[in-house]
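See structure below.
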């Protein structure tokens, strides 16, 4: 009971899911389908598959810890205009997905379900799947890239670990209490099997810019980092403008056969 109460407190400090969709693909004129997948532990998960007409590849998009997939449609639209389909997944507890996150492994179970759907149902080869993680979503993206030779890995506002972030934002919380939510990106970044592109703002108030530098240092080549001057955690598309999509696309076209 005590452990359950502690985890309930910790999850309320980390995850901020939203059930309401404030935008829908129709608002952007995007072709899409509702996708339902089931995690290995039986949780029903919802997402949108947004189809690009002249498709170069597909982006599996893992969003951050707040909101839901509807708040990432404007990011997806930019990629679709460039010829990349996008699969937006809501983790358990977000949007229409069932249940709640109770352990970092839950996020991985959800990510694996979406990854499997692209390969088994849509028949995408690994060479066409680009893993994109935003903040919290960098963890499942890195883990998948460490275990699979996907086309590429794009990390937006990444962190080294939630343990390190906890020391910055919740110094009063003993590290052992968040051990179930460590999300240790730094432990896996050197094991990735794909080219990696990182974009991060110099004024990120949530995940310090230095964390991107540390991950970049440990990542194998080929790799590239795009520094967005004065960018904060949630305004990178606004601060970077078209470069938010152009710079990673240039990287993809340079290294991949898409």
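The values are calculated or read from the model by the stated rules, or taken from the named source; none is laboratory data. No experiment lies behind these values; they were computed from the predicted model shown. In this analysis, Cβ positions are derived from the backbone assuming ideal geometry, glycine residues included, and neighbour counts consider all displayed protein chains.
The listed residues are 220, 237, 248, and the only one of them that is surrounded by fewer than 14 Cβ atoms within 10 Å (Cβ to Cβ) and on the phi < 0 side of the Ramachandran plot turns out to be 220.
Residues that are in contact (Cβ under 8 Å) with a residue 60 or more places away in the chain and within 27 Å of residue 178 (Cα to Cα) number at least 2 in the following strands (runs of 3 or more DSSP E) confined to region 14-85: 57-62.
Within this structure, residue 172 fails the test of being surrounded by 24 or more Cβ atoms within 10 Å (Cβ to Cβ) and outside any helix (DSSP H, G or I). Listed conditions (1) over 15 Å from the mean Cα position of the chain (by Cα); (2) modelled with pLDDT of 95 or more are all met by residue 181, apart from (2).
Evaluating residue 53 against the criteria (1) surrounded by 14 or more Cβ atoms within 10 Å (Cβ to Cβ); (2) at pLDDT below 95 leaves one unmet condition, (1). When the residues of region 97-115 are filtered to those that are touching a residue at least 60 places away in the same chain (Cβ under 8 Å) and over 16 Å from the mean Cα position of the chain (by Cα), the one that is surrounded by the fewest Cβ atoms within 10 Å (Cβ to Cβ) is 103.
Consider residue 155 carefully, then state whether it is under 30 Å from residue 83 (Cβ atoms) and touching a residue at least 60 places away in the same chain (Cβ under 8 Å).
It is true that residue 155 is under 30 Å from residue 83 (Cβ atoms) and touching a residue at least 60 places away in the same chain (Cβ under 8 Å).
Is it true that residue 193 is closer than 26 Å to residue 230 by Cβ and either in contact with a strand residue (DSSP E or B) (Cβ under 9 Å, 6 or more places away or on another chain) or modelled with pLDDT under 95 (or both)? When the stated conditions are applied, residue 193 does not pass them.
Number of residues in region 100-124 that are outside any helix (DSSP H, G or I) and either touching a helix residue (DSSP H, G or I) at 6+ places or on another chain (Cβ under 8 Å) or under 12 Å from residue 62 (Cβ atoms) (or both): the value is 5.
Among all residues of region 136-143, there is none that is modelled with pLDDT under 95 and surrounded by 14 or more Cβ atoms within 10 Å (Cβ to Cβ). Considering region 223-239, the residues that are under 14 Å from residue 209 (Cβ atoms) and part of a helix (DSSP H, G or I) include one that is nearest to the chain's Cα centre (by Cα), namely 236.
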